[in-house]
Amino acid sequence: METNEDCCSNEIVSKKTIGQRFKDFIENKEKYQIEYTMLKYSAITFLLILVLEVVGYFTFFKTIPNFFEDYAWWMLYVNMTVVSIGAAIWHFKTYKDEFNCMLGMMIGMTFGMQVGMMLGTILGATNGLFVGGTVGMIIAQIVGIYTGNCCGIMGVLEGMMAGVMGGVMGGMIGTMFIVDNILLFMPFFMISNLLIMWGTSYMLFEEVVEGNPKIIKQPIDFTTFFSACLIVTFLLIAFIVYGPKTGLAAL
């Protein structure tokens, strides 16, 4: 005869709450080795890019009138965007597993939307609505397709749709807020977007990694991660400084 203890042992273990997960993350570092590596790579990359930007300012940009006042904050937000998106992609690509349609669509939508919102807003504020909306949309669609492809055409379409919406909306936000305390708005805006990206990595661990002993881990090396972030950051900053400016940004 089956006892109550036997019945309980066959029940599915419930997922941890955020508080329980955080406690487990602090106490069980071996289990979260990949996540600790991601945080370490992100912090080192962010600091190194900042140092290189300071060197670049005194080497190339110092002669540009009002460069620090016009671009310093936006360079910082570009750094935060690129490193956070890069870290989330690094985390996502480290785990090799099959993704169901629902999870794949969520991944494609989140990456497409947040890349478009963050980059579109930055470029909209510095270069105008046309540039912010167009470039933000294109980059967001590329990232959305790349990440959403994990579950096939449904994830790809979700990433594309989110990229269109996020890129254009981001360009509009940057253009509209440039005349109304945008520097006060941006910290709250960026924190919200970064929390969503960190939440995506949290969701990935909850839905794919936890309780899956067969999952394959293939982390990308630091040199590749840093180089990719540096190149993308350099190209975006060069485009912000030297690229076309339209509308309010041109004034």
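The values are calculated or read from the model by the stated rules, or taken from the named source; none is laboratory data. Nothing here was measured: the structure is a model prediction, and the numbers come from that model. Here the Cβ is made from the backbone with ideal geometry for all residues, glycine too, and neighbour counts use every protein chain on show. When the accessible area is computed, the model is the full protein with side chains, heavy atoms only, and any ligands, DNA or RNA have been set aside. Shrake-Rupley method; radii C 1.70, N 1.55, O 1.52, S 1.80 Å.
Figures for the structure shown
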{"quantity": "Inter-residue pairs, beta-carbon under 6 Å, first over 16 Å from GLY136 (Cβ atoms) and among the aromatic types (Phe, Trp, Tyr) and in the range 174-192, second open to solvent by less than 90 Å² (accessible area, probe 1.4 Å) and modelled with pLDDT of 90 or more, 6+ apart", "calculated": "PHE185/PHE177"}
{"quantity": "Among the residues listed as LYS31, LYS16, LYS40, LYS93, the single one being closer than 28 Å to GLY167 by Cβ, surrounded by fewer than 18 Cβ atoms within 10 Å (Cβ to Cβ) and among the charged types (D, E, K, R)", "calculated": "LYS93"}
{"quantity": "Residues of the range 178-193 satisfying the condition of being open to solvent by 70 Å² or more (accessible area, probe 1.4 Å) and at negative phi", "calculated": "VAL179, ASP180, LEU183, LEU184, PHE188, ILE191"}
{"quantity": "Filter pass, ASN212 being closer than 18 Å to VAL82 by Cβ and either out of contact with any His (no Cβ under 7 Å at 6 or more places or on another chain) or assigned to a helix (DSSP H, G or I) (or both)", "calculated": "no"}
{"quantity": "Condition check for ILE196: without any contact (Cβ under 8 Å) to a residue 60 or more places away in the chain and either assigned to a helix (DSSP H, G or I) or surrounded by fewer than 24 Cβ atoms within 10 Å (Cβ to Cβ) (or both)", "calculated": "no"}
{"quantity": "From VAL208, VAL232, residue being open to solvent by less than 90 Å² (accessible area, probe 1.4 Å) and over 16 Å from the mean Cα position of the chain (by Cα)", "calculated": "VAL208"}
{"quantity": "Number of positions in the range 215-251 that are assigned to a loop (DSSP other than H, G, I, E, B) and either without any contact (Cβ under 8 Å) to a residue 40 or more places away in the chain or in contact with a Lys or Arg (Cβ under 9 Å, 6 or more places away or on another chain) (or both)", "calculated": "6"}
{"quantity": "Hits in the range 150-159 - residues which are buried (at least 18 other Cβ atoms within 10 Å of the Cβ) and over 16 Å from the mean Cα position of the chain (by Cα)", "calculated": "CYS150, CYS151, GLY155, VAL156, GLU158"}
{"quantity": "Cβ-Cβ under 9 Å pairs, at least 6 apart or on other chains, the range 46-73 side touching a residue at least 60 places away in the same chain (Cβ under 8 Å), far side assigned to a loop (DSSP other than H, G, I, E, B) and open to solvent by 40 Å² or more (accessible area, probe 1.4 Å)", "calculated": "TYR71/ILE64"}
{"quantity": "Residue within the range 29-37 that is closer than 30 Å to PHE239 by Cβ, modelled with pLDDT of 85 or more and among the hydroxyl-bearing types (Ser, Thr, Tyr) present", "calculated": "no"}
{"quantity": "The lone exception for THR59 - which of (1) of a type in the set (Val, Ile, Thr); (2) open to solvent by 70 Å² or more (accessible area, probe 1.4 Å); (3) modelled with pLDDT of 90 or more it fails", "calculated": "(3)"}
{"quantity": "Residue that is modelled with the highest pLDDT [pool: residues in the range 127-149 that are surrounded by 22 or more Cβ atoms within 10 Å (Cβ to Cβ) and under 12 Å from MET106 (Cα atoms)]", "calculated": "GLY144"}
{"quantity": "Residue in the range 83-101 that is without any contact (Cβ under 8 Å) to a residue 40 or more places away in the chain, of a type outside the set (Lys, Arg) and assigned to a helix (DSSP H, G or I) present", "calculated": "no"}
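So that you can scan it fast, the table gives a plain yes or no per residue for (1) out of contact with any strand residue (DSSP E or B) (no Cβ under 7 Å at 6 or more places or on another chain); (2) open to solvent by 70 Å² or more (accessible area, probe 1.4 Å); (3) of a type in the set (Asp, Glu); (4) within 20 Å of GLY170 (Cα to Cα):
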{"residue": "PRO213", "(1), (2), (3), (4)": "yes, yes, no, no"}
{"residue": "PHE222", "(1), (2), (3), (4)": "yes, no, no, no"}
{"residue": "ILE237", "(1), (2), (3), (4)": "yes, no, no, yes"}
{"residue": "ILE240", "(1), (2), (3), (4)": "yes, no, no, yes"}
{"residue": "LYS245", "(1), (2), (3), (4)": "yes, no, no, yes"}
